[in-house]
Amino acid sequence: MDPMLSNLLYDQPELYEEIYPSSETDIPGMCRRLFAEHGAAAGGATTLLDIGCGTGRHVEYFTGAGYDCVGVDYQDAMVSFARDRRPGLDFRVGDMRAFRLGRAFAAITCLGWALSNIHGNDDLHAVMETYAAHSAPGTLLFLHVPNAIATPDGRDLQRRFTIDTPAFTATAEAAYRLDRRNQLLVRTRDWHIDGRPPLRDHVRFRLLFPKELEAYLTGHGFDVLGMYDNTAAAESELTGEALYVLARFGGAAAAAAPR
């Protein structure tokens, strides 16, 4: 992962939940609708793997909706928090470029721009191999990434962050910079925290253009079923700040077939 990564919310997952509350269900709700439409409706033994699960909010949501879920995240602190906050659910520590659970799932999600923390082309291919390793023919994959074609310089992204709890108050101002050569959107946030010195955190998001992302997917056996810039899954000119991508795995033969 990015050696330059520093994120206050990763280091203190309880604050992550304040910024991104558990009531935020638009994206997993979109997943449920699309999965049902394309043959992976919840219920029975329908299984789901959430890669980059963070604090486990989406695993909790999908479990409540009837999926048998496993969540995997690279950050030990996030997984520890998820296990404590959401006992009884299945959370694992793992690097999305390399982990193997030895089983396939009916659906795979990778939300919250988790894929964008992978920067190199070889590493992106490794992640695609992880998706394929946990898929069987018909497995549905849902990705949530920044929309490079709409806002590569981050001008339309969130600039102000606020945490306001009885025990902790903080605000942050975000600035964005585009590293064109490496297709990275660089975000720095300057946090102002009551009773503490100012703190800066730093993250870089790999930007993938729609056809580029489709090429990675098709090269590993996935056919893109839809690409949207809104959680209503309405067709558009892809001008929104995020891309929501649904793909279906065709099997190892599809990955090996010439394109």
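What percentage of the solvent-accessible surface of the chain, computed with a 1.4 Å probe over protein heavy atoms, is contributed by carbon and sulfur atoms?
Numbers: 5640 of 11600 Å².
Carbon plus sulfur share of accessible area: 49 percent.
Rank by packing, highest mean first: peptides 130-138, 69-77, with packing defined as the count of other Cβ atoms within 10 Å averaged across residues.
On the way: 130-138: 19.7, 69-77: 21.6.
So the order, starting with the most tightly packed, is 69-77, 130-138.
What are the extents of the Cα atoms of the range 137-259 along their three principal axes, in Å, largest first?
59, 35, 28
If I take R0 = 30 Å and measure r between the Cβ atoms of residue 85 and residue 181 in this structure, what FRET efficiency does the formula 1/(1 + (r/R0)^6) give, to the nearest 0.05?
Details: r = 40 Å, r/R0 = 1.33.
So the FRET efficiency works out to roughly 0.15.
Expressed in nm to one decimal, what extension gain is obtained for the pair residue 125 and residue 237 from 0.36 nm per residue of sequence separation less their Cα-Cα distance? Walk me through the intermediate numbers first.
Details: separation 112, 0.36 × 112 = 40.32 nm, distance 2.72 nm.
Difference between extended and current length: 37.6 nm.
Can you give the accessible area per residue of the chain, in Å², using a 1.4 Å probe? Intermediate values should be presented prior to the final figure.
Values: 11600 Å² over 259 residues.
Computed with neighbouring chains in place, this is 45 Å² per residue.
What share of the DSSP beta bridges in the chain is antiparallel, in percent to the nearest 5?
Values: 37 of 53 bridges.
Antiparallel: roughly 70 percent of the beta bridges in the chain.
For the range 105-164, what ratio Rg/Rh do Cα atoms give with a Kirkwood hydrodynamic radius? It would help to have the intermediate numbers written out before the result.
Numbers: Rg = 14.8 Å, Rh = 13.7 Å.
With Rh from the inverse mean 1/r over Cα pairs, Rg/Rh is 1.08.
Any chance you could get the radius of gyration and Dmax over the Cα atoms of the range 121-209, in Å?
Spelled out, the Cα radius of gyration and Dmax of the range 121-209 are 17.6, 54 Å.
How do 83, 189 stack up against each other in accessible area, from largest to smallest, with a 1.4 angstrom probe?
Values: 83 115, 189 0 Å².
Highest to lowest solvent-accessible surface, that is 83, 189.
How high is the FRET efficiency from residue 171 to residue 25, r the C-beta distance, R0 25 Å, rounded to 0.05? Write out the running numbers ahead of the final one.
Working: r = 26 Å, r/R0 = 1.02.
With R0 = 25 Å, the Cβ-Cβ based efficiency is 0.45.
The values are calculated or read from the model by the stated rules, or taken from the named source; none is laboratory data. This one's a predicted model, so the numbers in the text were calculated from it and none came from an experiment. When we count neighbours, we look across all protein chains shown, and the Cβ atoms used for this are built from the backbone with ideal geometry, even at glycine. Remember, those area values only see protein heavy atoms, side chains included, never the ligands or the DNA or RNA. Shrake-Rupley method; radii C 1.70, N 1.55, O 1.52, S 1.80 Å.
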